[in-house]
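Reading through the structure tokens given below for one structure.
The values are calculated or read from the model by the stated rules, or taken from the named source; none is laboratory data. Bear in mind the structure is a predicted one, so any value in this text is a computation, not a measurement. FYI the Cβ positions are ideal-geometry reconstructions off the backbone, even for glycines, and counts take in every protein chain you see. For accessibility, only protein heavy atoms count, side chains too; no ligands or nucleic acids. Shrake-Rupley method; radii C 1.70, N 1.55, O 1.52, S 1.80 Å.
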Amino acid sequence: MLSAEKNRTLTRVGAGTPMGELLRRYWHPVAAVSELDKNPIKPVRVMGEDLVVYRDLSGTYGLIARQCKHRSADLAYGYVEQCGLRCHYHGWTYDDKGRCIAQPFEEKFDREERLKKRIRTTAYPVQAKAGLLWAYLGPQPAPLLPDWDIFSWKNGFVQIVFAEVPCNWLQAQENSIDPVHFEWTHDNWKVRLEGKTGPYAPAHLKLGFDEFDYGFVYKRVREGADENDPLWTVGRVCLWPNGFFLGEHFEWRVPMDDENMLSVTWSFIRVPKEAEPYEQKRIPAWTSPTKDPAGRWITSHVVNQDIVAWVGQGAIADRTKENLGASDRGVSMLRKQLFRDLDAIADGKDPKGLIRDPARNVRVELPNIGRKLYTEGMTLAQYREHPFWKNLLVDFRWHYGQPEEVRREFRKAMGLEI
């Protein structure tokens with residue numbers, strides 16, 4: 001249980017709030033590179049700020065305030081130039097540093113460009129990596145954008161999935177260090193959604209939680225297994241501060257504001273050995289629906305099931321009313337670390353998990369149960385016999401609504417019939 005004051009501290013993310021200032025010290029995925037192929041401008045909302053991310057005609061990425069500094073026109077409807085983004089209303093143009101570099105009419109009468117020189121709009125650094133566009137909204141100097149080793153794996157089909165979720169980021173991130181929910185929210189609920197009453201999945205018998213440089217690892221032993229199981233010897237990663245890593249995919253919970261978050265999934269699947277060498281030219285991105293036509297939450301896929309659990313707690317969970325048990329030890333550890341990080345930045349120190357040394361930021365490895373499989377591969381026949389991977393040949397299990405064109409790309413890459 002948290003006091004109301006501590007709950008506010010952990011959940012409010014606007015500029016100037018303690019948690020907002022903490023989260024701004026990390027890089028966050030806000031869009032996909034491929035999204036800008038059709039339209040080079042995308043409006044985004046990040047920690048209470050309305051922004052636009054764009055790619056200009058020179059290929060430079062920018063992330064600036066959504067409203068023009070002239071008379072607040074919406075730059076999401078602007079157009080890119082060789083350098084910068086031009087407002088559709090009167091042509092004022094901004095570069096990736098937030099400088100106003102053109103004021104077509106005003107320049108005729110203000111030969112010294114006094115107005116243009118003093119106009120600045122909000123601008124943040126943005127980098128492209130692994131098919132994602134990453135934003136940094138914090139103080140300089142910025143830490144390095146992590147180079148996770150999975151981003152360099154070869155012969156893989158990658159896709160990026162977004163979902164806008166109407167709840168606070170923290171109740172989603174707490175899910176990243178809650179192993180027991182998988183037994184009930186996914187395994188057993190799937191049984192009931194199929195109209196069966198059993199048998200239920202193996203129960204959790206033992207949990208363990210370890211801290212490491214880039215987050216926490218949760219471990220578990222379930223019925224029918226022992227401490228030699230990789231789920232205990234290696235475990236799963238609660239990636240700091242707002243990510244989840246399961247070995248072949250990441251999930252990030254990016255705050256849009258106090259009551260909304262962007263769920264970002266980056267998923268890798270190695271193609272069969274028969275399809276190697278394979279080089280993916282473009283990483284597709286798509287948005288997963290969260291509700292059906294009747295307005296009910298979709299419950300058929302893993303992250304969709306998680307979303308139902310998150311939003312069911314309210315826009316911001318009232319943690320003054322909770323009753324934590326033995327399964328929630330990881331949740332308590334997560335919250336305590338957040339408060340330690342808040343103290344650290346108040347003292348002028350770095351919070352947990354930042355990388356500043358370039359020598360340390362080369363294909364950084366995270367604990368990974370399936371590393372050998374993902375890096376060495378297997379045949380299509382072995383895929384079809386594998387208890388987990390055979391299911392991904394049939395359906396993208398993480399999110400509902402994979403577009404048909406992405407499904408076709410996937411099947412072609414995997415050497416399956418189109």
Self-check item: Selection within the range 34-47 - open to solvent by 40 Å² or more (accessible area, probe 1.4 Å) and of a type outside the set (D, E, K, R)
Solution: N39, P43
Practice problem: Among what's in the range 5-24 and is of a type in the set (V, I, T), in contact (Cβ under 8 Å) with a residue 12 or more places away in the chain and closer than 15 Å to M256 by Cα, pick the residue that is surrounded by the fewest Cβ atoms within 10 Å (Cβ to Cβ). | Solution: T11
Quiz prompt | L144 of a type outside the set (S, T, Y) and more than 29 Å from F209 (Cβ to Cβ) | solution = no
Quiz item: Does L63 qualify as being surrounded by 17 or more Cβ atoms within 10 Å (Cβ to Cβ) and not acidic (D, E)?
Solution: yes
Quiz prompt | Residue that is least open to solvent (accessible area, probe 1.4 Å), among those in the range 166-193 that are more than 23 Å from the chain's Cα centre (by Cα) and among the hydrophobic types (A, V, I, L, M, F, W, C) | solution = V191
Quiz item: Only one of these conditions is not met by S34: (1) of a type in the set (S, T, Y); (2) touching a Ser or Thr at 6+ places or on another chain (Cβ under 7 Å); (3) within 25 Å of W148 (Cβ to Cβ). Which number is it?
Solution: (2)
Quiz item: Going by the structure shown, is D318 crowded, with 16+ Cβ neighbours inside 10 Å and not aliphatic (A, V, I, L, M)?
Solution: no
Exercise. Check K116 against each of (1) within 30 Å of P351 (Cβ to Cβ); (2) open to solvent by 20 Å² or more (accessible area, probe 1.4 Å) and name the one condition it does not meet.
Key: (1)
Quiz item: Got a number for residues in the range 222-243 being open to solvent by 10 Å² or more (accessible area, probe 1.4 Å) and outside any loop (DSSP other than H, G, I, E, B)?
Solution: 6
Quiz item: For the subset of the range 138-157 comprising residues that are of a type in the set (A, V, I, L, M), open to solvent by 10 Å² or more (accessible area, probe 1.4 Å) and touching a strand residue (DSSP E or B) at 6+ places or on another chain (Cβ under 7 Å), which member is farthest from R8 (Cα to Cα)?
Solution: L145
Quiz item: Within the range 300-334, how many residues are assigned to a loop (DSSP other than H, G, I, E, B) and either of a type in the set (K, R) or under 20 Å from the mean Cα position of the chain (by Cα) (or both)?
Solution: 5
Quiz item: With respect to K69, is the statement that it is over 27 Å from F244 (Cα atoms) and modelled with pLDDT under 95 true?
Solution: no
Exercise. Just give me the residues in the range 33-53 being among the basic types (K, R) and assigned to a loop (DSSP other than H, G, I, E, B), in sequence order.
Key: K38
Practice problem: Would you kindly identify the strands (runs of 3 or more DSSP E) lying entirely within the range 54-133 that contain at least 3 residues that are within 29 Å of W286 (Cβ to Cβ) and touching a residue at least 24 places away in the same chain (Cβ under 8 Å)? | Solution: 61-65, 126-129
Self-check item: Filter result for the condition that a residue is closer than 29 Å to M261 by Cα, touching a residue at least 24 places away in the same chain (Cβ under 8 Å) and in contact with a strand residue (DSSP E or B) (Cβ under 7 Å, 6 or more places away or on another chain), over E211, E183, E174
Solution: E183
Quiz item: Can you tell me which residues in the range 194-209 are charged (D, E, K, R) and open to solvent by 100 Å² or more (accessible area, probe 1.4 Å)?
Solution: K196
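A quick yes/no check of all residues on (1) basic (K, R); (2) in contact with a Phe, Trp or Tyr (Cβ under 8 Å, 6 or more places away or on another chain):
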{"position": "F250", "(1), (2)": "no, yes"}
{"position": "M261", "(1), (2)": "no, yes"}
{"position": "R296", "(1), (2)": "yes, no"}
{"position": "D343", "(1), (2)": "no, no"}
